[in-house]
1. Taking square-rooted eigenvalues a ≥ b ≥ c of the alpha carbon gyration tensor, is region 124-163 rounded, prolate or oblate, where a/c under 1.5 means rounded and, failing that, a/b exceeding b/c means prolate?
2. State the percent of C-alpha pairs, over all pairs in the chain, separated by a distance greater than 29 angstrom.
3. Given the C-alpha atoms of region 347-387, compute the convex hull and give its volume per residue in Å³.
4. Tell me the carbon and sulfur percent of the accessible area for the chain, rounded to whole percent, probe radius 1.4 Å.
5. Per DSSP H run of n ≥ 4, the term is -39500 (n - 2.57); total these for the chain, divide by its residue number, and report the mean residue ellipticity at 222 nm rounded to 500 deg cm²/dmol.
6. Rounded to whole Å, give me the distance from the Cα center of region 199-220 to that of region 236-313.
7. Using 23 Å as the Cα-Cα cut-off, could you pick out the over-long pairs in LYS258/LYS353; LYS193/LYS295; LYS204/LYS266; LYS138/LYS193; LYS95/LYS193; LYS138/LYS353?
8. Residues of the chain: accessible area per residue at 1.4 Å, in Å²?
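The values are calculated or read from the model by the stated rules, or taken from the named source; none is laboratory data. Small disclaimer: the values here were computed from a predicted structure and weren't measured. Positions of Cβ are backbone-derived with ideal geometry, glycine not excepted, and every protein chain shown enters the neighbour counts. The area values use the complete protein model at the heavy-atom level, side chains included, leaving out ligands, DNA and RNA. Shrake-Rupley method; radii C 1.70, N 1.55, O 1.52, S 1.80 Å.
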Amino acid sequence: MKKDTLLTRAGRDPAAHQGMVNTPVFRASTILFPDLESYESRGGDDFKKVRYGLLGTPTTFALEDALARMEGGHAAVVLPSGLAAITAALNACLKSGDHLLLPDSVYLPTRTFCDKELKPNGVEIEYYDPLIGAGIEKRLKPNTRAVFCEAPGSLSFEMQDIPAIAQAAHRRGALVLADNTWGTPYFFRSFEKGIDISIHAVTKYIAGHSDVVMGSITTNEANWLPVRRTVAHYGYGVSPDDCYLALRGLRTLGVRLKQQMQSALKIAGWLQSHPRVRSVLYPALEGDPGHALWKRDFTGAASLFSFVMQPASEGQVSSFINALEVFGIGSSWGGFESLAIVARIERYRTVTKWDPGGPTIRLHIGLEDPDDLIADLERGFAALSKG
Ligand SMILES: Cc1ncc(COP(=O)(O)O)c(C=O)c1O
């Protein structure tokens, strides 16, 4: 089945629900069992039967099944946020004394969790240059338990050579985890690229309407039970109403992504030739340093990218952002609406230097007409010139 067809079918079983097209919202805490024996076995340990509301109802399972099938993983579990999915996946893999490698471009709250929670608990944290590729080999140590990837970084858009990193990590017995929120299960087949544990902020493109906060972890077969058990040990559960909304969003993921990518390419191309712009950081653009890797490993690009302005004062940057009328000012992305923020990447880096020669602005391109977005950016540049 092609992926657009799968998007419309995965996680649905109308025959099991009186012909209803969508899996209904099943709300539950207590589940009643017909006898003591079935209560005490509670349906076994595969986490795919209803036994307690916290562990999922048919609505949760429908979403998890759809996410796993879209990405080609063994199984998926949903969590209350993308960040919860990241921290639970890391906790499932690591114990005191283990060494963890993360790209210097990693999502800031992932870095904060590693520095403020894992490190004090005895996990050795090391950051690597996101462009390291097969060079990761030299960073692997006997106690390296996991390598974390994020391709591309969601502010700097440096692309990673995930297959090369995965090959090196697997040769040394380390696991590969990745935050694939940008790639989405629609544009990136994680498990074919060597990832063992794939994490998504469902909050972004999958839910797609800026009204749900949720995360997911999809794994290969070997890592499924260890990860699922850890999620259960922490007591993470997701509301079936939110699962319903995420499934509703998932049905249109393909059309939204394709439309948003087309608009993003148009706007990125326009920015490339703007005199106030120094560079555009978007692997989908020919000439971007990550373009070849993107073309090899992805079947499309999310509509999230950055551009670097010609040198400008803080005041000019504020004038630019504050003059925007169609773009909103906000950090979550993947919804239907366009967003702009200043990406202050230089503040976070520890092993690589971020100095692109001007302020970095991150844009999320939504479903508006790209001509209106271009006019809005022109309004921003006019205010910057005055300010
Ligand atoms: C790359 C990336 N991963 C994970 C997350 C976390 O998602 P959530 O906001 O659902 O915790 C975000 C949110 O901005 C993100 O940008």
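1. On the way: a/c = 2.36, a/b = 1.75, b/c = 1.35.
It comes out prolate by the Cα gyration axes.
2. Roughly 44 percent, once rounded to a whole number.
3. In region 347-387, the Cα hull volume divided by residue count equals 106 Å³.
4. Of the solvent-accessible surface of the chain, carbon and sulfur hold 52 percent.
5. Helices in the chain give a 222 nm mean residue ellipticity of -11000 deg cm²/dmol.
6. Between the Cα centres of region 199-220 and region 236-313 lies a distance of 16 Å.
7. LYS258/LYS353; LYS95/LYS193
8. Values: 16240 Å² over 387 residues.
That works out to 42 Å² per residue.
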